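Chemist: Attaching a single structure in structure tokens format; questions to follow.
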Amino acid sequence: MITRYTKVKPYSHAGVPTWLKWVVIIVCLVILISLIYFTYLYHTILQDKTDGFAETQAYVLKNTNITEIEDITRFQADQGYTIVLGKAKDQKEQYVFVPEKKGAKTVVIDAKKTKEKQDIINQWQKQCDQCKLVKVTPAMIDEKPLWEVTYWQGSDNYIMDYLSIYDGDRFEQIRLKSMFN
């Protein structure tokens, strides 16, 4: 009886085609590059959102009675504004509407002369008890200081209500209706 010994080949990747290896490598590279790109894009968008706030803060501290800044927001209509809420030397709160357009007039309003944000929210809740509030921020349209109240009415109506910052009277309302749910 003759016994044959066969030579055992070492483990090989002969079962995985070469083209499949390259497809997997390329897909992984595309995913990695996409992640890097979207991370960069996200950080750029966040930076743009607050871009210019430091300059506005320095301008307000230098050119107004404000000594302490509590909040900075941005509002864009026909003309963009950076809006600062701060305290003056006498501890009175003031809103400062700084236009982005050079040479335009900066508007300073004592907070005591305005309707408080919480009063605006309470007024809104009485008018729309089934709505979901998104935010209430100061705004400026046609050189009129306003409160911008944004909210959802139902699941398909997004509403931006612009109310006078002084008495809460409606200046303008924009309704957007979702076409696809």
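Chemist: Out of the residues in the stretch 123-133 meeting the condition of being exposed (fewer than 13 other Cβ atoms within 10 Å of the Cβ) and of a type outside the set (D, E, K, R), tell me which one is farthest from ARG170 (Cα to Cα). Steps first, answer last, please.
Modeler: Taking the stretch 123-133 as the starting set, the residues that turn out to be exposed (fewer than 13 other Cβ atoms within 10 Å of the Cβ) are 125-127, 129-130, 132.
With of a type outside the set (D, E, K, R) added as a condition, the list becomes 125, 127, 130.
Working: GLN125: 15, GLN127: 12, GLN130: 20 Å.
Checked the stretch 123-133; the qualifying residue farthest from ARG170 (Cα to Cα) is GLN130.
Chemist: Please find, within the stretch 60-75, the residue that is surrounded by the fewest Cβ atoms within 10 Å (Cβ to Cβ) out of those that are farther than 25 Å from MET160 by Cβ and under 24 Å from the mean Cα position of the chain (by Cα). Spell out the reasoning first.
Modeler: Here is the first cut: in the stretch 60-75, the ones farther than 25 Å from MET160 by Cβ are 60-69.
With under 24 Å from the mean Cα position of the chain (by Cα) added as a condition, the list becomes 60, 68-69.
Working: VAL60: 22, GLU68: 11, ILE69: 16.
So the residue we want is GLU68.
Chemist: Given the criterion open to solvent by 90 Å² or more (accessible area, probe 1.4 Å) and touching a strand residue (DSSP E or B) at 6+ places or on another chain (Cβ under 6 Å), identify the matching residue among LYS102, LYS89, LYS113.
Modeler: One residue alone meets the criteria, LYS89.
Chemist: Restricting to the stretch 81-102, and then to whatever is closer than 18 Å to LYS135 by Cα and among the hydrophobic types (A, V, I, L, M, F, W, C), can you tell me which residue is farthest from the chain's Cα centre (by Cα)? Lay out the reasoning, then the answer.
Modeler: Here is the first cut: in the stretch 81-102, the residues closer than 18 Å to LYS135 by Cα are 81-85, 95.
From what is left, the residues that are among the hydrophobic types (A, V, I, L, M, F, W, C) are 83-85.
Numbers: ILE83: 14, VAL84: 16, LEU85: 18 Å.
Taking the candidates together, the pick is LEU85.
Chemist: State yes or no: is GLU55 surrounded by 10 or more Cβ atoms within 10 Å (Cβ to Cβ), under 30 Å from ALA111 (Cβ atoms) and at pLDDT 90 or above? Even if it seems obvious, please write down each step before you answer.
Modeler: Numbers: surrounded by 10 or more Cβ atoms within 10 Å (Cβ to Cβ): yes; under 30 Å from ALA111 (Cβ atoms): yes; at pLDDT 90 or above: no.
It is false that GLU55 is surrounded by 10 or more Cβ atoms within 10 Å (Cβ to Cβ), under 30 Å from ALA111 (Cβ atoms) and at pLDDT 90 or above.
Chemist: Let me ask something else about it. Does ASP142 fit the bill of being on the phi > 0 side of the Ramachandran plot and modelled with pLDDT under 95?
Modeler: Numbers: on the phi > 0 side of the Ramachandran plot: yes; modelled with pLDDT under 95: yes.
Spelling it out, ASP142 is indeed on the phi > 0 side of the Ramachandran plot and modelled with pLDDT under 95.
Chemist: Can you find a residue in the stretch 33-44 that is modelled with pLDDT under 90, loosely packed, with under 10 Cβ neighbours inside 10 Å and over 14 Å from VAL84 (Cα atoms)?
Modeler: no
Chemist: Right, something else. Please tell me if ASP78 is assigned to a loop (DSSP other than H, G, I, E, B), touching a residue at least 40 places away in the same chain (Cβ under 8 Å) and either within 18 Å of the chain's Cα centre (by Cα) or on the phi < 0 side of the Ramachandran plot (or both).
Modeler: Values: assigned to a loop (DSSP other than H, G, I, E, B): yes; touching a residue at least 40 places away in the same chain (Cβ under 8 Å): yes; either within 18 Å of the chain's Cα centre (by Cα) or on the phi < 0 side of the Ramachandran plot (or both): yes.
Yes.
Chemist: Further, regarding this structure: Name every residue in the stretch 31-52 that is among the hydroxyl-bearing types (Ser, Thr, Tyr) and assigned to a helix (DSSP H, G or I), in order of residue number. Let's see the steps before the verdict.
Modeler: Going residue by residue through the stretch 31-52, those that are among the hydroxyl-bearing types (Ser, Thr, Tyr) are 34, 37, 39-40, 42, 44, 50.
Scanning the stretch 31-52 gives SER34, TYR37, THR39, TYR40, TYR42, THR44.
Chemist: If you don't mind, there's one more thing I want to ask. Given the structure, is GLU55 over 26 Å from ASP161 (Cβ atoms) and in a strand (DSSP E or B)?
Modeler: Values: over 26 Å from ASP161 (Cβ atoms): yes; in a strand (DSSP E or B): no.
Against the criterion (over 26 Å from ASP161 (Cβ atoms) and in a strand (DSSP E or B)), GLU55 does not qualify.
Chemist: Here is a further query. If I filter the stretch 144-180 down to residues being among the aliphatic types (A, V, I, L, M) and over 18 Å from THR114 (Cβ atoms), which single residue comes out as surrounded by the most Cβ atoms within 10 Å (Cβ to Cβ)?
Modeler: Taking the stretch 144-180 first, the residues among the aliphatic types (A, V, I, L, M) are 146, 149, 159-160, 163, 165, 174, 176, 179.
Now restrict to residues that are over 18 Å from THR114 (Cβ atoms): 159-160, 174, 176, 179.
Values: ILE159: 17, MET160: 15, ILE174: 11, LEU176: 10, MET179: 6.
Per the criteria, the residue is ILE159.
Chemist: A further question follows. Does the stretch 134-143 hold any residues that are within 17 Å of the chain's Cα centre (by Cα) and exposed (fewer than 11 other Cβ atoms within 10 Å of the Cβ), and which are they? Before you say what the answer is, go through the steps one by one.
Modeler: Here is the first cut: in the stretch 134-143, the residues within 17 Å of the chain's Cα centre (by Cα) are 134-139.
Passing the criteria: only LYS135.
The values are calculated or read from the model by the stated rules, or taken from the named source; none is laboratory data. Worth saying up front: this structure is predicted, and the values here are computed from it rather than measured. A quick note on method: Cβ atoms are made from the backbone with ideal geometry, for glycine too, and the neighbour counts reach across all protein chains shown. Accessible surface areas use protein heavy atoms only, side chains included; no ligands, DNA or RNA. Shrake-Rupley method; radii C 1.70, N 1.55, O 1.52, S 1.80 Å.
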